[in-house]
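Scroll down for the structure; my scribbles are underneath it.
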Amino acid sequence: MLEAVKMRLTSKAKNGTVFTFEGKNIPDYLVIFLKSAFPNVEEIKCDNNEKSINIMDTDWFKETEASSTPAESLKLLRTTFGYTQQQLADKAGITKQQVSAMERGKEPIGRKMAHRLANALGTSYKNLFW
């Protein structure tokens, strides 16, 4: 679990659902993901006085994790880091058509390709399979 709380990020959707993330450094891609996955989010704020739960224990996380595909993760990571398909393809040494096919789930993402894509994005290959 996280060591010391230096920041807590809370987002409240219009349906009343509240997500809270806490830790030393909340990554920007997590904030971007919240905004893109939940467009109805009313606020995102830091609050050091709320009680929090482990997000991995929530039904939302379990459902999201179960329904997430490597194709969706690739597109989310690519757009989060601000790359076009062509830019990612150039960095990974593949074609734009391959990136497009992988993002649409038409071409599988194997272990070696996951490492190439992750290196091009500057992240861990495990982020493609969460």
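Can you give the Kirkwood hydrodynamic radius for region 90-130, in Å, rounded to one decimal and based on Cα pairs? Don't jump to the answer; show the numbers that get you there.
Working: mean 1/r = 0.0974 Å⁻¹.
Roughly 10.3 Å, rounded to one decimal.
For region 82-93, what does the Karplus curve 6.51 cos²θ - 1.76 cosθ + 1.60, with θ = phi - 60°, yield as ³J(HN,Hα) per residue in whole Hz, taken in order and with x for Gly and Pro?
Result, ordered by residue: x, 9, 7, 4, 5, 4, 5, 4, 4, 5, 8, x Hz.
Any read-out appearing in this document is the output of simple, stated calculations on the displayed coordinates, not a laboratory observation. Bear in mind that the values here come from a model prediction, so they are computed numbers and not experimental data.
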